[in-house]
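The values are calculated or read from the model by the stated rules, or taken from the named source; none is laboratory data. The structure presented is a predicted model; accordingly, all values stated were derived computationally and were not measured. Don't worry about glycine lacking a Cβ; one is built from the backbone with ideal geometry, like all the others, and counts go over all protein chains shown.
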Amino acid sequence: MQSNGTGAYKSSEKFAAFGPKLRGSVPGPKARAVVEADHKWMSPSYTRSYPMVAKRGRGVRIEDVDGNEFLDLAAGIAVCSTGHCHPQVVKAIQDQAAELIHISGTDFYYESMILLAERLSGIAPMPGPHKFYYGNSGAEAVECALKLARYHTGRQNVIAFFGGFHGRTMGALSLTASKPQQRRRFGPMLPGVTHVRYPYAYRGCSGGPQDEEAFALGCARYIEEKLFKTVLPPEEVAAIFIEPIQGEGGYVVAPAIFMQELRRICDRHGILLVADEVQSGAGRTGKWWAIEHTGVEPDIVCIAKGIASGMPLGICMTRAEIMDWKPGSHASTYGGNPVAIAAALATLDILENHGMANAAKVGENMMKRLKEWPEKYAIVGEVRGRGLMIGIEIVQDRATRQPATEWRNQIETLAYERGLLVLGCGETSVRLSPPLILKQEEADIALDILEECISLVEHQQVPALAAAHA
Ligand SMILES: Cc1ncc(COP(=O)(O)O)c(C=O)c1O
């Protein structure tokens, strides 16, 4: 039984077998107490959307402190690629923890650093030889790429994109241009960063009818035809940083032609092309790296999140000749910690055997159903993505495409109340970034719940439109 937004799916056998299991209304009493204590102790800079207090996780399920079981299509912000506590990952972590927890690859050697480099080299989106740097987070992978690009080229400037998110340390933050609050009162930023338009066709074309490819080409050519001819001498540009699919910016996919044009510009002017695959990489899109969908080879790749199933690991992978800096130029005490590397090696095994192909298959099936929603629901503007990286843009009005941030937030909360965990992204999109081991049945139920939430918000907020679409 498929949902039409009415909630009828809840009586199905599939729901009983694969759906969430709530013991009452959420949040329960224990969750409320934790949230209250959290307010007392924790930094108010965190951006929790709803009061889900996790206790344990298995596969795509999270149990909260009150014993409610949720379907998790957020995966710890696209991190738990193999699901929560995959037995192979848990065993790899436990075995490694019993053997050697830390020694610091900055000052000593250990074999697993090399093993992981060899594995990643075998699946890199550009030809080898390669070299690797290990840090602890996405931001650290980006910091490494930024410093290295300057060091290798001897050039100071870089180009990044509006809507881009590359992390919150000062260097990475200087590239980030996603939300003003992320930068407010932290300036001045690193000098030498110029932001240009990302080919967000759904928004970019809203001023009038414009072909998506023409718009994307226009965005890329602006760099050469405007920036380089006016304020930014190309021989002073070290790198272009791009998310092949913007994550925090709204799960926006850059068309292949845009990426190809960026590559051409980089080649022509000796600029490095840096693919930030922190969110889009590690199999999430059904290929190892999202950039592979475009046929473009980057010079540097930033990797984190899904690569180690939740252990902290950030990786900067480059063509070998680029990583030419001298000892002491860059390092990290914990980067490439043996336990994190063990988790990454187990993660690669799981994704290679099943996860990546599953992401492609289940993602495609989900997309087939989701692509009907802009026709079916007045508040769904666009659905986009690749594999299990899917964004649903919520709008007040499909004709004007006016963002509907509040409605998007309501959808997230309603989903939580029904046992489904999803996060927002961009100004007004819902993101689906589940574990890559998501079963078809779980995906179906997640979409049933989400559809019910969208339908509810539509009926509350725009009853006339909803009636017209009924
Ligand atoms: C594309 C991208 N780059 C970098 C980062 C920063 O990663 P971290 O939060 O691990 O520092 C993120 C985090 O969301 C990201 O999505």
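Tabulated data
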quantity: Residue under evaluation T194, criteria (1) more than 15 Å from the ligand (Cβ to nearest atom); (2) closer than 23 Å to T318 by Cβ; (3) outside any loop (DSSP other than H, G, I, E, B); (4) in contact (Cβ under 8 Å) with a residue 40 or more places away in the chain, criterion not met; calculated: (4)
quantity: Every residue from the stretch 237-269 that is within 13 Å of the ligand (Cβ to nearest atom) and of a type in the set (D, E, K, R); calculated: E243, E248
quantity: Matching residues, the stretch 109-144, being away from the ligand (no atom under 16 Å from the Cβ) and among the polar types (S, T, N, Q); calculated: S112, S121
quantity: Residues being of a type in the set (V, I, T), within 12 Å of the ligand (Cβ to nearest atom) and either surrounded by 24 or more Cβ atoms within 10 Å (Cβ to Cβ) or in contact (Cβ under 8 Å) with a residue 40 or more places away in the chain (or both) - total across the stretch 145-183; calculated: 1
quantity: Within the stretch 329-358, considering residues that are farther than 25 Å from L100 by Cβ and polar (S, T, N, Q), the one surrounded by the most Cβ atoms within 10 Å (Cβ to Cβ); calculated: N358
quantity: Top-ranked residue in the stretch 271-322 [being assigned to a loop (DSSP other than H, G, I, E, B) and aliphatic (A, V, I, L, M); ranked as farthest from the ligand (Cβ to nearest atom)]; calculated: I271
quantity: Residues located in the stretch 328-347, provided they are of a type outside the set (S, T, Y) and either within 20 Å of I300 (Cβ to Cβ) or in contact with a strand residue (DSSP E or B) (Cβ under 9 Å, 6 or more places away or on another chain) (or both); calculated: H330, A331, G335, G336, N337, V339, A340, I341, A342, A343, A344, A346
quantity: Test: residue in the stretch 201-220 that is surrounded by 21 or more Cβ atoms within 10 Å (Cβ to Cβ), at pLDDT 95 or above, assigned to a loop (DSSP other than H, G, I, E, B) and not assigned by TED's automatic domain parsing to the domain that holds V383; calculated: no
quantity: Tally of residues being among the acidic types (D, E) and touching a Pro at 6+ places or on another chain (Cβ under 8 Å) across the stretch 246-275; calculated: 0
